[in-house]
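J.: I'd like to ask some things about the structure below.
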Amino acid sequence: MTAPKRIPQAERRQKILDAARQIFDETGNIDVGLRAISARTGQTTGAIYNLFSGKDAIYAALLQESLSNLHQHVAAAAQSKPDPRSALRAAATAFFLYYHQNLFEQRLGLYQFEDGKKTGLGQDADKILNDLLAQTIAEFEACFAQLSPIAVSPLSPVSDAKDLSHALTAALIGIGSMTTLRRDQSLNTSGQKLVDTTLNAFLSGFQ
């Protein structure tokens, strides 16, 4: 009798992540138990535990995928433009649209902060995720670093490229949250218009 074909570990791992993403997306509930994932994949909970230490590890892996995709989107947008000013606009818009057009990714990114509580995912996972986000922020920083500041601008004497890239990221996250809650519509504006206005303010300090 021929032994059943053994599925490679990487393939089994990806099936678990794909199933978790599908369930999260269908139910709107990211905090889903391993039994639901087990039923979707046909793998026992024990088999899942062999690959992931628990729900948080699956969540961390999904967030790692999401942040990697975010960086690819932002980097590609920046590289498609010939100068740092237009590259910054393209990169910031790509950041906003990545979450605006993929609300699941936004919920995934903000899940740790629901109910006003920030929870860590372990030192190793947190470092990986922080490094991935830093790669995206570095795309903004590279654009700012190539711009020539206007001496009389209130931004240029006190803010370096790193500070500005962090501030821009925070602004984009805020705009994304506002549009998800439809607060932009209540203010008779749009998320994209807010992004454009924010970029105009940041770029006003540069030639």
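J.: Inspect the range 30-43 for any residue being under 20 Å from the mean Cα position of the chain (by Cα) and either of a type in the set (Gly, Ala, Ser) or at pLDDT below 85 (or both) and give the result as yes or no.
T.: From the range 30-43, those under 20 Å from the mean Cα position of the chain (by Cα) are 30-31; that's our starting set.
From what is left, the residues that are either of a type in the set (Gly, Ala, Ser) or at pLDDT below 85 (or both) are 30-31.
Yes - at least one qualifying residue is present in the range 30-43.
J.: If you don't mind, another one. Assuming Glu26 fulfils every condition listed in (1) exposed (fewer than 13 other Cβ atoms within 10 Å of the Cβ); (2) in a loop (DSSP other than H, G, I, E, B) apart from one, which condition is it?
T.: Of everything listed in (1) exposed (fewer than 13 other Cβ atoms within 10 Å of the Cβ); (2) in a loop (DSSP other than H, G, I, E, B), Glu26 misses just condition (2).
J.: Further question: Which is within 16 Å of Phe95 (Cα to Cα), out of contact with any Pro (no Cβ under 7 Å at 6 or more places or on another chain), modelled with pLDDT of 90 or more and of a type in the set (Lys, Arg), of Lys162, Lys193?
T.: Answer to the check: Lys193.
J.: What pairs come up if the first residue lies in the range 162-188 and is in the same structural domain as Ile137 (by TED's automatic domain parsing), the second is assigned to a helix (DSSP H, G or I) and charged (D, E, K, R), and their beta carbons are under 6 Å apart, counting only those six or more places apart or on different chains?
T.: Sorted first by the residue in the range 162-188, then by its partner, the pairs are Lys162/Glu141; Ser165/Glu141; Met178/Asp184.
J.: Given the criterion in a helix (DSSP H, G or I), in contact with a helix residue (DSSP H, G or I) (Cβ under 8 Å, 6 or more places away or on another chain) and touching a residue at least 40 places away in the same chain (Cβ under 8 Å), identify the matching residue among Ala76, Ala125, Ala36.
T.: Of Ala76, Ala125, Ala36, the one residue that is in a helix (DSSP H, G or I), in contact with a helix residue (DSSP H, G or I) (Cβ under 8 Å, 6 or more places away or on another chain) and touching a residue at least 40 places away in the same chain (Cβ under 8 Å) is Ala125.
J.: May I ask you to verify whether Ala91 is closer than 17 Å to Val195 by Cβ, outside the structural domain of Phe24 (by TED's automatic domain parsing), at pLDDT 95 or above and part of a helix (DSSP H, G or I)?
T.: Judged against the criteria, Ala91 is a match.
The values are calculated or read from the model by the stated rules, or taken from the named source; none is laboratory data. The structure displayed is predicted, hence computed values, not measured ones. Positions of Cβ are backbone-derived with ideal geometry, glycine not excepted, and every protein chain shown enters the neighbour counts.
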